[in-house]
Structures are given as structure tokens and as C-alpha cells.
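Novice: Before I ask anything, here is the structure I am working with.
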Amino acid sequence: MCFKRQNLQDAQRIVIKVGTSTLTYDTGKINFTCIDKLARIISDLSNQGKEVVLVTSGAIGVGVDKLKMSERPKTIREKQAVAAVGQCELMHMYSKFFSEYGHIVAQILLTRDIMGDDKCCKNVVNTFETLLEKGIVPIVNENDSVSTVELKVGQKDTFSENDTLSAIVAKLIEADLLIILSDIDGFYDSDPRKNPDSKMLSVIEKITPEIEECAEGAGTKRGTGGMVTKLSAAKIATGSGVNVVLTNGSHPEAILDILGGEQVGTLFIGAK
């Protein structure tokens, strides 16, 4: 294998995906420390001349906290309403934290139907390119308030809680690297929550049927993207030549470790 972890130091265009379980505590309350660290690290990478796009989940989770609800809504219409409130609050927080480090953010809301239209895709790519040229950090989320299929977890045509969305964004903008911050340290040969003898795979050169069989289980109660969706996202991205690293988001500093070439999480090598 000719590709080495150290090669990730050269990644210039990076997509970072952060999930609800990373942005909130087990209590459902917002993890401000994590958001602050994310903003600082991404701002620092931008200062180095790297181009970073943040794909974020959390609109519904933040909306639930803002509205002081005891649990996540169950109906589609309630989820859409709560997402509309949460999206506003989420962007307000990102804007505030990034501004502390001298950076401007922009919101891009996407739905699956946009991705199926060549003209819309071109417009989206043009928006990304212009924002990145101006040193603005694009923050991407699924447009939950108008989309219904994306909220129905398990459907084949969903973004699967933004895992798939992050891979599609990485593919669209021809990123060098996609970092998926999850609630697990990496990709295991079996579910570590069920099998104490499971082993984390450091590098996956190709996603084979055997690798796909290792993925199972759903997400946490605060998020909905399980290992299957993350593997699916990795498959999309690596198929387009994008390297992917899956790691735990509880310590955002892992982003710097990954770009430093350290053995962090699981590296999926992009196809040549």
C-alpha cells in the first residue's frame, strides 16, 4: 500500500461532518465546549490556507433544547417545526463562536432533490467555490423544515442524518479529505458495544462485502446515523477519490491529529 497517513498533511480541501451526539450531552443539552473547539480548530485551519466545509447535524436536537421539550418529536410535522427553530439557533451559535476567531460563516441548506438536478448542482458548487475563495466557512445542513424523506430514517433515498450528505458534498467540491466525527472511535470488525473482543480497523483500502457485513446497529438516542450509514458515506466518498477518516468527535482536537498524520480513527483510502 503506497498511501500513508502522513499524506493527509497535504489535504487542502477538507469536509468535516459533526453529528448530534457530538454537539450535545447525554442530557440533550448543548455542548458549548465542543462547538467552541470546532470553531477554533476550523478557524486555525483556514488561517493556514486550507479550505474547510462543515457539515452539521443537530437542528432537531438544538430545537428540542431551545423549546425545552422532554424528548425528540415523533411526527414529521413536529420534527420540521422543531428543526426550523433549531436551525436558527444552531447557526446563531456557530456564527458567534467563529466570529470570536475572526471568521465568517455561511449557511447552505440542501435536500436530495437538489442533488438530482444538474443545474442546481452546478449552482451549489459555484456557491461553495465563491465562499471558499472569500475565506468564508460554509456550514451545511439538510433542509429538514421543507424535506420529509430525509427525516424518515431508514429510507434508501435519505441523507441518513447527514452522513451521506457530507460524502456528497465532498464529492461535489472534489475534496481531498472527509472527516466524520461520530460517537465511536472508528470502524470495528463487530459492534464493540456488544462484543468486547471487537477490534478497530486502522486502515480500510477497499470496502468489500466482508467489511459491509461488519457494520450494524443504529445511532444513539440523540442521533440517527449508525455505522451502516457511515460506511455508505465512506463508499460514496472513496469512490470519488476522497480519503475518509471516521473517528470520535468527543475530542475535536482529533482533527489536528488526523491532519498531522497520526494513527487516529479508521482511514478509508480513496480510489485512484
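Novice: Restricting attention to helices (runs of 4 or more DSSP H) lying wholly within segment 56-136, give those where 2 or more residues are more than 21 Å from the chain's Cα centre (by Cα) and surrounded by fewer than 17 Cβ atoms within 10 Å (Cβ to Cβ).
Specialist: 76-100, 118-133
Novice: Another question, if that's okay. Determine whether GLN9 is out of contact with any Leu (no Cβ under 8 Å at 6 or more places or on another chain) and under 25 Å from VAL245 (Cβ atoms). Break it down into steps so the answer makes sense when it comes.
Specialist: Values: out of contact with any Leu (no Cβ under 8 Å at 6 or more places or on another chain): no; under 25 Å from VAL245 (Cβ atoms): yes.
So GLN9 does not fit the description; no.
Residue by residue, here is whether (1) in a loop (DSSP other than H, G, I, E, B); (2) out of contact with any Gly (no Cβ under 7 Å at 6 or more places or on another chain); (3) modelled with pLDDT of 90 or more holds:
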{"residue": "ILE180", "(1), (2), (3)": "no, yes, yes"}
{"residue": "LYS206", "(1), (2), (3)": "yes, yes, yes"}
{"residue": "GLU210", "(1), (2), (3)": "no, yes, no"}
{"residue": "GLY217", "(1), (2), (3)": "yes, no, no"}
{"residue": "THR238", "(1), (2), (3)": "no, no, yes"}
{"residue": "VAL245", "(1), (2), (3)": "no, no, yes"}
{"residue": "PRO252", "(1), (2), (3)": "yes, yes, yes"}
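Novice: For segment 67-90, name all the residues that are touching a residue at least 12 places away in the same chain (Cβ under 8 Å) and more than 22 Å from ASP183 (Cβ to Cβ). Steps first, answer last, please.
Specialist: Residues of segment 67-90 that are touching a residue at least 12 places away in the same chain (Cβ under 8 Å), as a first pass: 67, 69, 72-73, 76, 79-87, 89-90.
Scanning segment 67-90 gives LEU67, ILE76, GLN80, ALA81, ALA84, VAL85.
Novice: Restricting to segment 194-216, count the residues that are farther than 27 Å from ASN7 by Cβ and in contact (Cβ under 8 Å) with a residue 24 or more places away in the chain.
Specialist: Residues that pass the stated criteria total 1.
Novice: Looking at THR24, THR20, THR33, THR56, which is the one that is closer than 29 Å to LYS79 by Cα and touching a Cys at 6+ places or on another chain (Cβ under 9 Å)? Walk me through it before giving the result.
Specialist: Details: THR20 fails: touching a Cys at 6+ places or on another chain (Cβ under 9 Å); THR33 fails: touching a Cys at 6+ places or on another chain (Cβ under 9 Å); THR56 fails: touching a Cys at 6+ places or on another chain (Cβ under 9 Å).
Exactly one of THR24, THR20, THR33, THR56 is closer than 29 Å to LYS79 by Cα and touching a Cys at 6+ places or on another chain (Cβ under 9 Å), namely THR24.
Novice: Same structure again: So for segment 66-89 (the condition being within 26 Å of ILE14 (Cβ to Cβ), among the basic types (Lys, Arg) and touching a helix residue (DSSP H, G or I) at 6+ places or on another chain (Cβ under 9 Å)), does at least one residue qualify?
Specialist: The answer is no; no qualifying residue exists.
Novice: Now for a separate question. In segment 13-29, how many are open to solvent by 20 Å² or more (accessible area, probe 1.4 Å) and over 18 Å from ILE104 (Cα atoms)? Show your work before the answer.
Specialist: Looking only at segment 13-29, we keep the residues that are open to solvent by 20 Å² or more (accessible area, probe 1.4 Å), and these are 13, 21, 25-29.
Within this subset, residues satisfying the condition of being over 18 Å from ILE104 (Cα atoms) are 21, 25-29.
Looking only at that region, the number is 6.
Novice: Assess whether THR33 counts as being within 22 Å of GLN263 (Cα to Cα) and among the hydroxyl-bearing types (Ser, Thr, Tyr).
Specialist: Details: within 22 Å of GLN263 (Cα to Cα): no; among the hydroxyl-bearing types (Ser, Thr, Tyr): yes.
So THR33 does not fit the description; no.
The values are calculated or read from the model by the stated rules, or taken from the named source; none is laboratory data. No experiment lies behind these values; they were computed from the predicted model shown. Every residue, glycine as well, gets a Cβ built from its backbone with ideal geometry; the counts of neighbours run over all protein chains shown. Only protein heavy atoms, including side chains, enter the accessible area calculation; ligands, DNA and RNA are left aside. Shrake-Rupley method; radii C 1.70, N 1.55, O 1.52, S 1.80 Å.
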